[in-house]
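The values are calculated or read from the model by the stated rules, or taken from the named source; none is laboratory data. Just so it is clear, the structure is predicted and the values come from calculations on it, not from any experiment. Neighbour counts run over all protein chains shown; Cβ positions are idealised from the backbone, glycine included. Keep in mind that these areas ignore ligands, DNA and RNA; they rest on the heavy atoms of the full protein, side chains included. Shrake-Rupley method; radii C 1.70, N 1.55, O 1.52, S 1.80 Å.
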Amino acid sequence: MSGHRVEGAGRFDPPRSPVVAVGLLVFLAVPLFFVKLGGAGLVDPDEPYYAVPALEMLKSGTWWIPVLHGQPWLDKPILFYWIVLGAFKTFGVSEWAARLGSALAGLGGAVAVATLSPRGWRRGGAHVLAAVILATSLEYAFLSRSAVTDMTLTLFLTLGFLAVARYLESGGLGAATWGGAAFGLATLTKGPVGVLVPAVALLGYGLSTRRRELLGPKAIAAAACGFAATAVPWYAYMFAAHRELVVNVFLGKENLGRFVNPEHRQLPLFYAIVLAAGLLPWSVALPPALLRAIRDLLHGADRPGTSPGPVFALAWFAAVLGVFSLSASKLLTYILPAFPAAAFLIADYWCHALAPRPAGERAPQGPLLVAWTGAAITIAIAAAILLFRRDGRFADSGSVLYGLAIALTAAAIAAVAAVRAGRLARFVGVQAAAAVAVVLVAVVVVVGSPGFEASSSTRTFVERLVAGGLADQVAGAYQVHALSLDFYLGRTLVHENDADGLAVRVQKDPGRLWIVRSSDVDDIASHLPLRLERVATVSRCTAVRLSPGGSGTERKDGS
């Protein structure tokens, strides 16, 4: 490869003004996080588990504890329910409002990385590049569009870690206080993990770098005051008013229980796969970026008195990965708090790999190999999109998918050319544009398709019932674990899981509609002493009219 490179050709020149940097991120965030934010129905099972309690809290005026089906509900702490409830109260009840908090948290996390990073993260503009990488990572973008807790947790952990980094840089106790407050908000979002992850990360960082200032009594006291101000009041109230619920359900079942019992079983290398896919189009650079940070650690970087750099990000990343890898229950969303640290490590790698070099000096081959590997993955994804395009459900969007496949292939070639020429800014622009294109097409074509809507949410099903004047006739749901029914019907449904219990309820209130799984209709008709009439079917859900009588005579097919 030719060594004739113009001085400064590879430099990533970030906006010098924080206002301009924030403007750049907002420009990226609009298509990534906000376009058609409410376009799809709430996706079962997770999104309704936050939207429905928030809606019940709004209607009942109960603000201090989540409520589900009229009863205290402590699957998660209060903060995310407050966020959704506040959006409902301000903007009205809608899918858009339910997801707004996550979208703002996604933007806030990227802005925090760009504006609050310590000096050790700012060399070569790595902090702004890290913010761009974070915002355009596919999993980060998609979870910014989901009404679940993980993006809010990630925001507060990011704010906390950056505040600790600023404390290590300046020694200011104010930064330590803000760090503790942010970790308190993380704990108020998702429970003990909000303080466990920082404790593991900072302990490992302090021991490996011998930074005793992390254990300074004044710093610990300041952080504890910040944590107490944000987390203690609500938890103190809950222990006083609902001690058994907190101890047995929240701490016992929902936290310790999930940690030791495999509620969600996954492959041993599950999180490696999640990181590889979720950090696309940037993930290929993560392994060499981690190796670079490990070398810094072994060479004594981040010594006491210096500004935290890649080693700090490495400790943050490793703590998230380690804690959730040890957990018996694993979900792809759990690893999201590692993304800001991973984004910085990747940004630091590229800023160093494509830094300006003297004329005549050969650039290392490693970055070009990374670029080619990334291009191969991108082209493979483009090929998969062409196969996906042949699915009849997306016939109307075939030209869009074809165009996306061509655009991704062109982007892959352009990215390799940019790295070969040492043009970091061009490389970043191509990668970011490809990510935006993928997200927009996924939102418009896939998430917006009738097939996806019908299979992932009950909105289409309820709309059909409403259009037929049948919504008020629904008595309940039998073995359908979809809280989105409550959200779209606007009331609390009876959720019955026992066959004998269903028969008793029909005896007491005959002729009403019950929502059942489409796959269960024949079984109900054959084995229960009920007369069954199909009324409406949309994908996985069927509304049947049930009355006492002989075992299952179907009088009408309304599907």
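Which FRET efficiency value, to the nearest 0.05, is calculated for residue 298 and residue 243 with the Förster distance at 56 angstrom and r the Cβ-Cβ distance?
0.70
Hey, if you drop one equal point scatterer on each alpha-carbon of segment 270-373 and run the Debye formula without solvent, what base-10 log of I(q)/I(0) do you get at q = 0.11, 0.21 Å⁻¹?
For the requested q values the scattering log ratios are -0.39, -1.13.
With a 1.4 Å probe and all protein chains left in place, how much of the accessible area of the chain comes from carbon and sulfur atoms, in whole percent?
Ligands and nucleic acids excluded, carbon and sulfur give 63 percent.
Cα centroid distance between segment 418-483 and segment 138-190, in Å?
27 Å
For residue 444 and residue 36, calculate 0.36 nm times their separation in residues minus their Cα-Cα distance, and state this gained length in nm to one decimal.
Between residue 444 and residue 36, full extension yields 146.1 nm more.
Along the charge dipole of segment 165-239, which of 235, 192, 208 sits closest to the positive end, that is, farthest toward it, with unit charges on the beta carbon of Lys, Arg, Asp and Glu (+1, +1, -1, -1)?
208
Which links in 59/330; 76/508; 36/59 stretch past 32 Å when you go from one Cα to the other?
59/330; 76/508
How large is log10 of I(q)/I(0) for segment 90-147 at q = 0.18 Å⁻¹ when the intensity is taken from the Debye formula with one equal scatterer per alpha-carbon?
-0.63
Please work out how much accessible surface residue 69 shows to a 1.4 Å probe, ignoring ligands, DNA and RNA, in Å² rounded to 10.
Only protein atoms counted, so the area is about 70 Å².
Rolling a 1.4 angstrom probe over the protein heavy atoms, how many square angstrom per residue are accessible across segment 28-132? Intermediate values should be presented prior to the final figure.
On the way: 3430 Å² over 105 residues.
On a per-residue basis, 33 Å².
Starting from the amide H of residue 494, placed 1.01 Å from N in the peptide plane, find each other amide H under 5 Å away whose residue is 5 or more places distant or on another chain.
477
Label residue 407 and residue 386 with points 7 Å out from Cα along Cα→Cβ: what is the distance between them in nm?
Distance between label points: 1.8 nm.
What are the ³J(HN,Hα) values, in whole Hz, obtained from phi via the Karplus relation 6.51 cos²θ - 1.76 cosθ + 1.60 with θ = phi - 60°, for each residue of segment 62-68 in sequence order, with x given for Gly and Pro?
With coefficients 6.51, -1.76 and 1.60, one gets 8, 10, 8, 8, x, 10, 9 Hz.
By average Cβ neighbour count within 10 Å, what is the ranking of 26-33, 214-221 from highest down?
26-33, 214-221
Out of every Cα-Cα pair in the chain, what percent are more than 43 Å apart?
That fraction is 26 percent.
Applying a 10 Å radius around every beta-carbon, put 491-500, 168-177 in order of their mean neighbour count, most first.
Values: 491-500: 14.7, 168-177: 18.8.
Those peptides, ordered most packed to least, come out 168-177, 491-500.
What share of Cα pairs, in percent, lie more than 17 angstrom apart in segment 211-356?
Value for segment 211-356 (Cα pairs over 17 Å): 72 percent.
Using the heavy atoms of the protein chains alone and a 1.4 angstrom probe, what is the accessible area of segment 411-474 per residue in square angstrom?
39 Å²
Want the number for residue 208 to residue 518: 0.36 nm per residue separation, take away the alpha-carbon distance, what's left? Please report the intermediate quantities before stating the final value.
On the way: separation 310, 0.36 × 310 = 111.60 nm, distance 5.68 nm.
In short, 105.9 nm is gained.
Roughly how many debye, to the nearest 20, is the charge dipole of segment 40-114 about its Cα centre, given +1 on each Lys and Arg Cβ, -1 on each Asp and Glu Cβ, and no other charges? The partial results should precede the final answer.
Numbers: 4 positive and 6 negative charges, 53 e Å.
Using Cβ point charges on Lys, Arg, Asp and Glu, segment 40-114 gives about 260 debye.
How far is helix 95-116 tilted, in degrees, relative to the longest principal axis of the Cα atoms in the chain, given as a value from 0 to 90 rounded to the nearest 10?
10 degrees
Per residue, how much accessible area does segment 495-546 have with a 1.4 Å probe, in Å²?
For segment 495-546, the per-residue accessible area is 44 Å².
So for the pair residue 276, residue 236, with labels modelled 7 Å out along Cα→Cβ, what separation do we get in nm?
4.9 nm
Determine, at each q value in 0.16, 0.26 (inverse angstroms), the log₁₀ of I(q)/I(0) that the Debye formula gives when each Cα of segment 451-541 is one equal point scatterer.
-0.61, -1.63
About its Cα centre, how strong a charge dipole does the chain have in debye, to the nearest 20, once Lys and Arg get +1 and Asp and Glu get -1 at the Cβ?
Result for the chain is approximately 1520 debye, rounded to the nearest 20.
In nm, give the distance between the simple-model label positions of residue 466 and residue 325, each being 7 Å from the Cα along the Cα-to-Cβ direction.
Distance between label points: 4.7 nm.
Evaluate 2.2 N^0.38 Å with N set to the residue count of segment 126-206, then give the Cα radius of gyration divided by it.
This ratio for segment 126-206 stands at 1.15.
Can you give the helix-only mean residue ellipticity at 222 nm for the chain, where every DSSP H stretch with n ≥ 4 adds -39500 (n - 2.57) and the sum goes over all residues, rounded to the nearest 500 deg cm²/dmol?
Values: 22 runs with 316 residues, N = 559.
Taking each H run of at least 4 residues, the total per residue is -18500 deg cm²/dmol.
Give me, ordered by chain and number, the residues 5 or more places off residue 67 or on other chains with an amide H under 5 Å from its own placed amide H.
57, 73
Measure of size requested: the Rg and Dmax of segment 206-269, with Cα atoms as the atom set and Å as the unit; please supply both.
Looking at segment 206-269, its Cα Rg and Dmax stand at 17.6, 44 Å.
Taking Rh as the Kirkwood radius computed over C-alpha pairs, what is the Stokes-Einstein D of segment 405-559 at 4 °C in a medium of viscosity 1.567 mPa s, expressed in µm² per second?
D, rounded to a whole number, is 71 µm²/s.
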